[in-house]
Each structure stands twice: as structure tokens, then as C-alpha cells.
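Presented below is the structure to which this report refers.
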Amino acid sequence: MQFTNNIDNKKKNEINAGLYVVSTPIGNLDDLSFRALEVLKKSDYILCENTKRSSKLLNHYNLKKKLIAYHKFNEKSMLDRVVNLAKKNKIISLISDAGTPTISDPGLLLIKKCIIENLKIIPIPGPSSVTSAVSVSGFDDKYIFYGFLPKKENEIKKIIKSLCILDYSIVFFVPAQRINFFLKFSKIFFSNRMILIAKEMTKIYEELIRDSVSSIGEFSTNFKGELTVVLSKPKQEKKRMNELSESVKQDIKRMIKKYTVKDVVDFFSKKENLPKKSIYNFCLKLKDLK
């Protein structure tokens, strides 16, 4: 039985012709998985956003492979060429500059085309700045990933208005030079949330900045690259009870003998999270009964 399982596992790990969507490190080059490395080693072609940047990854692992530039400016024109290569039983890997391809990166058009052509598509999971940031945020693990916001102010407002009512954590990608611009809108629409700004993730100068949206200030230093920003779900305010419980009424009766109405109102409104008006009215009734 053990022997059969080993054969099955070997078959599962075979790298056959098809399109492999390979996740690559988001910063630290040593984060490439063993499986991703094996796929890249056996690839006939590797599609990448930036050949110079991807060459650094390949050189780190002493890989000599054919890199094909495949980015947002040429993905439409390259589509038929790549699909034809896949039809010729080639092993093709799609990688992005960092993280998991097609997540706010080129590749979605190719995936859709391969689905239509009934070509084999194999995901090779790995590093992702989205899940990495959420995992250390301390926020609720039910989250919505949006990605990059548009550049036009009126479009940003429209999108953020629809997102701010959601009772989930929200993840954005923000170009470093636009972080203050992003915070300006966040203070208007997300003021009742906490924020985590993750910069230089997995790199030497990795930094996680935590604060409330309402109190975080502007950044004077020039950040580089792209930031992963996680907003918590909205803070839930305690529901205020309008009616006084019998135990609270008894406590008020005792205190009103020693303290002023104002002192009693202030004390119980804070302690019991009750509206001052309810406490005040009850105090007046007690005064009238005397």
C-alpha cells in the first residue's frame, strides 16, 4: 500500500505541458517554494512582467531559461502567440514581479483564453502580500480584497462609498507615493476602523505600521514600491440601553442621598453606558418623591 501511494504522489508531482501560474517571492528571494522551483526549471518559456527583475530571481537559483516579456501593455497582442505555444505541448510558466500572478497583475486575459481553448492550467501557490498582511494584522480574518484604487478622485469616492458600509476587513494595494492621498479619503469614509500599513514586506527594512484611521498622520518620508494596506472591520459601538435596570435604580437611590444630580448622572452614564437623559429623569422623579 505504501508503494502505491508513492507512485501516486510521483504522478501528482509530474510536470506536464500546460500553463503554470507560479507564485514568486514578494521580497525575500528565498521564499520560492520547492515546487515552484521545479516548475521553473522544467519550463520551456517563462512569461514575466519585467525581464530584468525576473532575471534576478532566476540568477538567484542559477536558472537559465527563456524569459518572455508579458505585461499590461502587450498582453493582448501576445495572447495568440502564447496560446499557440501552449497548444504545442509546451510547459509555460506565468510569473509576476512579486507574489501571485493575475492578482492585480497581468494574466487574467490569458487565463480566460486558455479556459475557452480547454488548455490545462495549473496553479502553483506561494507568497502573497495580501494573505501575509492579513495574517499579522490582528483584524478579523473575514476580509475583502480590492487591490488598486483608480487614480481619478470622483471614481475613488464612488468606490470607497460602496466599500465603507461593508462589515469586513478590506485590503488595498497603494503605490507608496499615493499613501497620503489614500489616507485623506480613508479619514472621511473609514474613520471608525483600524489600519495596518505593510511596507517592504519580507525585506530587510520590513515595517508594519499600526494605528487608528482617525489618528494616523501624514507621512513625510518617501516610501518606495507598493504598500499593502489592511483596514479592520468597523468598530462596533456598545448599544446604549434606554431603560434603567432595577439594580441601577437602587444604586442611584443610594447615591442621590450623598451626591448632586449632575455627579450621579455623570457616574452612571459612564459606568453603565446609559443615556444621561434617562438617568437625569429618574433622579428628578426621586427628588419629587421626597
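Summary table
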quantity	calculated
Antiparallel content of DSSP bridges confined to the chain, in %, to 5	45
Gain on full stretching of the segment that runs from Ser191 to Thr221 - 0.36 nm per residue minus C-alpha separation	8.5 nm
Segment Asn180-Phe148, extension gain: residue separation times 0.36 nm, minus the distance between their alpha carbons	10.1 nm
Degrees between helix 246-255 axis and first principal axis of the chain (Cα, 0 to 90, nearest 10)	50
Set of lysines with alpha-carbon distance to Lys276 below 26 Å, sequence-local pairs under 8 removed	Lys235, Lys238, Lys239, Lys249, Lys253, Lys257, Lys258, Lys262, Lys285, Lys287, Lys290
Residue among Leu37, Pro175, Val264 farthest towards the positive dipole end of the chain, charges placed on Cβ	Val264
Prolate/oblate/rounded call for region 33-73, Cα gyration tensor, a/c under 1.5 rounded	prolate
Cα-based shape type of region 246-289, given that a ≥ b ≥ c are square roots of the gyration tensor eigenvalues and the cut on a/c is 1.5	rounded
The chain: proportion of alpha-carbon pairs further apart than 37 angstrom, %	39
Among Gln236, Gln177, Gln250: highest mean-square fluctuation, GNM of the chain, C-alpha pairs under 10 Å	Gln250
Mean residue ellipticity (222 nm) of the chain, computed from DSSP H runs ≥ 4 via -39,500 (n - 2.57), nearest 500	-12000 deg cm²/dmol
Order of Arg193, Arg81 - criterion: other Cβ atoms within 10 Å of each residue's Cβ, fewest first	Arg81, Arg193
Size descriptor, Kirkwood hydrodynamic radius, that averages inverse alpha-carbon separations across region 137-231, Å	13.6
Spin-label zone in region 187-206 - amide nitrogen under 20 Å from a point set 7 Å from the Cα of Asn28 along the C-beta vector	197-206
Dipole magnitude of region 246-289, debye to nearest 20 (Cβ charges: Lys/Arg +1, Asp/Glu -1, about Cα centre)	100
About the Cα centre, charge dipole magnitude for the chain (Lys/Arg +1, Asp/Glu -1 at Cβ), debye	760
Charge sum, other residues only, whose C-beta stays under 12 Å from Lys184's C-beta, Lys/Arg counted +1 and Asp/Glu -1	+1
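FYI, it's all coordinate maths here, none of it is from the lab. Being a predicted model, the structure only gives us computed values, none of them experimental. Positions of Cβ are backbone-derived with ideal geometry, glycine not excepted, and every protein chain shown enters the neighbour counts.
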